[in-house]
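The values are calculated or read from the model by the stated rules, or taken from the named source; none is laboratory data. Keep in mind the model is a prediction, meaning the values are calculated, not measured. FYI the Cβ positions are ideal-geometry reconstructions off the backbone, even for glycines, and counts take in every protein chain you see. Calculation scope for accessible area: heavy atoms of the full protein, side chains included, ligands and nucleic acids excluded. Shrake-Rupley method; radii C 1.70, N 1.55, O 1.52, S 1.80 Å.
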Amino acid sequence: MANMSYCRFENTANDLRDCIYAIEEGEYNNGISNTEKRGLDEIFELAHRLVNDLEYDVESILSSDDN
């Protein structure tokens, strides 16, 4: 289900926090399905892109005064 644009980042941050918690707590130490592996791989690639390729765009958005 798609996020509404007015809460996209808030909802995604909550979901990503849940994913990180699951990894930290070892929820996948006994295996992970292929579909979940593909999802984790996509999250990893997107996080890398966000941090490395879009750094200046994100900083610009965060520093804007359009509250």
- Query: Which one of these does Asn29 not meet: (1) loosely packed, with under 10 Cβ neighbours inside 10 Å; (2) part of a helix (DSSP H, G or I)?
  - Reply: (2)
- Just to be sure, is Leu54 under 12 Å from the mean Cα position of the chain (by Cα) and surrounded by 10 or more Cβ atoms within 10 Å (Cβ to Cβ)? no
- Message: Quick check on my filter: what residues within the stretch 1-19 are open to solvent by 80 Å² or more (accessible area, probe 1.4 Å) and either at positive phi or not polar (S, T, N, Q) (or both)?
- Response: Met1, Ala2, Met4, Tyr6, Arg8, Phe9, Glu10, Asp15, Arg17, Asp18
